[in-house]
Structures are given as C-alpha cells and as structure tokens.
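Any read-out appearing in this document is the output of simple, stated calculations on the displayed coordinates, not a laboratory observation. Here the structure is a predicted model, which is why all the values come from computation and not from measurement. Heads up, the Cβs are rebuilt from the backbone with ideal geometry, glycines too, and the neighbour counts pull from every protein chain shown.
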Amino acid sequence: MTEPNPSPLTDQVVVFTGKLSTLGRKEAQGLVVTLGGAASDEVNAKTTMVVVGLEGSPSADKSQKLRKAEELKIRVLSESEFCKMVGRQPPEELKQQYYAQRDVLSMYPGLREDHLRYLQKWGLIRPVLRTHSDTYFTFQDLLVIRQVSSEMEGAPFRAIVRALQSARSGQLAFDFRIDAEPARIIKLKRPKPKELKELGLAIPVQPPATMAEEYFLKGSALDADESRHHTAATWYRKALEIDPYLVPALINLANIHYGKDELAEAQALYERAIGLDRDFFEAHFNLGNIYHDLGRFPEAAGCYRTAIVLNPQYAEAHFYLAITLEKIGHSVEAKPHWRAYQQLSPDGEWVELAREFSE
C-alpha cells in the first residue's frame, strides 16, 4: 500500500516574525502543529524555518530573528510562500480576486467601517472571506457599496439602507437580463454551398431561399418592437420552414424566446446557429447571456471572448465579459475590457461604472 505524501511541515520547527496578513500568530502556529511540525517563538539551533509576515515595517524583534536565522543558515520564507506551502491563498492573490475592505474604503471615502458592518447586518453585502488583517468582498457587493456611497450625498445612510432592504428583490441583483440586450441581425449573411457541404448538410435550392429571405426581412422589420414579437416570430418560422439553414432567422427567433424567459428554447436555437456557422458573433454573445443567467459564468466568459474575436468593436461584449470576470474574481483580467468599453462606447450607459473599475 502506497504511503501518503508527508506534509511539507512534517518535523519542521517554524518561527514567525513580523505581522502576518492572512493568519493570526496563534492560528498560524496551530496550523504548523496540525500539519506535523512544531512552532516556536525563538530562533535557535533547532529552528528549521522562519516565516516573515507581510504587514507593517520590520521591528527590532523581527530584525533580531532574521539576523539569527542568517547566522544559523535557517531557511527564510515570505508569508506568501508559506501560504502556498500549506494550501492557503496568498494575500496578493486575494487582492487580485476580491476587493479588500481597506481598498473599498479608499475608493469611497464617504463610507466608514461601521457603515459596512451595518450593510452586513442587514444582509445587503456578504464578505466572501475574512483574514487576520482584512475583509474581502465580491464584485456584486461592490456594486451595492457603490450605490450606497453615491446616494449618501443626498440622503441619510439609514434611510438608504431601509430603501435598499425593501427593494432588495429587484434593486440589488444588478439585473443582467434587463441590461443585456440581445444582439439582433438585420442584414443577411448566408453560408456558401461549399461550407454547407463541408458540414455534411444538404444544399437548399436557391429560389425558395430567396422567399425565405423575404420572410426574414419582414420579421426583422418588426422585432425591434416588443409588442410585435409574436408576428415577427411567425415570419422567422416561415423563413426557416423554407430554409432551415438561414442562420440569422435562427438567431433572431432565439432572441424572441430569450426575451420571454424561454431559455431552453433560445439556447437550442443559438447552439444550432453556431453549429451551422460559427462566424456570427451575435449567436456567441447571446448564448453568453443565457449562460450568465444560469450562473454558468466560465461558459459565459468563453462565449463573450469568442464574440470579441469575431467583432472586437462590439462594446457590449467587452462590458459583459468584464462583468462576468469580476463575478468569478478575475478583476485583473477584466480591466482591459472595462477600458475597451469606455473607448468603444464613450457615451454608453455604463461608462462611469467602467471607468471606476478600470482604474
């Protein structure tokens, strides 16, 4: 029977010096013992490892411990290296993935720690992680904090909290469905016969396809008006009865299903459209919206990335990719897409939000 791999701290004697960022001193020492090592407060001949905390400036005590470690040629690790060794997320990674409370308070100087505690008490924000030196929030929490900060200029803090609490079901979800308008197709782009043959699909006779295109254009002329979606969908279906490979009709019909919360039907149509022709960025972007609604954020991000490759000038794809990356904690990766949205849509609805999070 194979023996389990020993812990990297087995038989190690570890001394901590300086102020730790992620763990309290006693917690860190307890973790060392749990992982098979021993913790000590003094550096001596038995010490095998010294861990230096990230917080604060070196103290005289810290300098003395480090000098002793150097004299005895003892291994010295940073707090980040220690965290990686024991399977904890190091502080610099946490700051890339989440928003530290001290950074949040710097972003919104009108807010205080007691304001954030009050928001937590009422369940309006929920810290994702607490460490020895800081509290971390998600992007979703940051949207709430931002809203509170902006409204405090004209109303008392507790009145804002009461209003947010009463409207929680609709106000605080940053309703992606309402904000994400599906990309619609007006002009037709048809796959070439050679492309259909490569896909193993039958090539439709061209004259009937012309009639299908006429039906498509009738539907396209109507579906900007939500009250006429039923009629527009009828025209798209007629077009697809004649020409099942008319990808723009599939996409626009899927958009109508999406607008009615019929996500399964919309997803099937978008996926069929992509299977017939992967070059329509609209299908990838709109499918990304569905994945986002379903909470499948990695798949949503993949769809938005593909849409951007196909159409780098489409501002909305950059914006919603940034939103999605923020929600899965990839703030650093989101920043260039926030900036792209600002450049492509300088008068866009969300340009202030994009400017704030791109810095």
With +1 assigned to the C-beta of every Lys and Arg and -1 to the C-beta of every Asp and Glu, and no other charges, what is the dipole magnitude of the stretch 1-145 about the Cα centre in debye, to the nearest 20? 220
Along the stretch 234-243, what does the Karplus equation 6.51 cos²θ - 1.76 cosθ + 1.60 (θ = phi - 60°) give for ³J(HN,Hα), rounded to whole Hz, x for Gly and Pro? 4, 5, 5, 5, 4, 4, 6, 4, 7, 9
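Per residue of the chain, what 222 nm ellipticity follows from adding -39500 (n - 2.57) for every DSSP H run with n ≥ 4, rounded to the nearest 500? Spell out each step's value before the answer.
On the way: 20 runs with 207 residues, N = 359.
The helix contribution divided over the chain gives -17000 deg cm²/dmol.
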Nearest 0.05, what FRET efficiency do GLU265 and ASP225 give at R0 = 22 Å with Cβ-Cβ as r? 0.60
Distance violations [Cα-Cα > 32 Å] among LYS260/LYS327; LYS218/LYS335; LYS73/LYS335: LYS218/LYS335; LYS73/LYS335
Amide H to amide H, which residues 5 or more places from ALA38 or on other chains are under 5 Å from it, using H placed in the peptide plane? GLN12, VAL13, VAL14
Net lengthening on full extension, ARG184/LEU72 (0.36 nm per residue, minus Cα-Cα): 33.3 nm
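Suppose the chain between GLN343 and ALA38 were pulled fully straight at 0.36 nm per residue; how much longer would it get relative to their current alpha carbon spacing? Working shown, then result.
On the way: separation 305, 0.36 × 305 = 109.80 nm, distance 5.54 nm.
Contour length minus Cα-Cα distance gives 104.3 nm.
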Net charge dipole size for the chain [Lys, Arg +1 and Asp, Glu -1 on Cβ; Debye, nearest 20]: 660
Of all DSSP beta bridges located in the chain, what percent are antiparallel, nearest 5? 30
What is the spin-label model distance, in nm, from ASP11 to GLU153 if the labels are put 7 Å beyond Cα along the C-beta direction? 6.5
Counting alpha carbon pairs within less than 8 Å and at least 6 residues apart, what relative contact order, in whole percent, applies to the stretch 11-151? 23
Among GLN120, VAL43, TYR236, the residue whose Cα sits farthest towards the positive end of the charge dipole of the chain, when +1 is placed on the Cβ of each Lys and Arg and -1 on the Cβ of each Asp and Glu, is VAL43
With a cut-off of 8 Å between alpha carbons and a minimum separation of six or more residues, what is the relative contact order of the chain in percent? 10
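For a quick check of your reading of the filter: which trypsin sites (Lys or Arg not before Pro) in the stretch 270-307 sit in a DSSP loop and have no more than 13 other Cβ atoms within 10 Å? Write down the numbers at each step before the final one.
Values: sites: ARG272, ARG278, ARG296, ARG305; in loops: ARG278, ARG296.
Listed in order of number, the matching sites are ARG278.
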Putting +1 on Lys and Arg Cβ atoms and -1 on Asp and Glu Cβ atoms, find which of VAL104, ILE160, ALA334 reaches farthest to the positive end of the dipole of the chain. VAL104
Have a look at HIS132, ASN311, TYR291 and report the one farthest towards the positive end of the charge dipole of the chain, computed about the Cα centre with Cβ charges (Lys/Arg +1, Asp/Glu -1). HIS132
The stretch 15-36 and the stretch 234-267 have their Cα centres apart by a whole-number Å value of 59
Stretchable slack from GLN313 to GLN64, in nm (0.36 nm times residue separation minus alpha-carbon distance): 83.9 nm
Taking the chain as the reference, fit the longest principal axis to its C-alpha atoms, fit the long axis of helix 315-327 to the helix C-alpha atoms, and give the angle between the two in degrees, 0 to 90, nearest 10. 40
In whole Hz, what ³J(HN,Hα) sequence does the stretch 68-81 give by Karplus (6.51, -1.76, 1.60; θ = phi - 60°), x for Gly and Pro? 5, 4, 5, 4, 8, 6, 8, 5, 10, 10, 6, 4, 4, 5
What FRET efficiency would be calculated for the residue pair GLU359, ARG126, taking the C-beta separation as r and a Förster radius of 25 Å, to the nearest 0.05? 0.50
Candidates for Cα extents along the principal axes in Å are (1) 69, 41, 39; (2) 91, 63, 38; (3) 77, 52, 42, and the calculated one carries label (2)
Expressed in nanometres to one decimal, the distance between label points 7 Å along Cα→Cβ at GLU27 and SER106 is 2.2
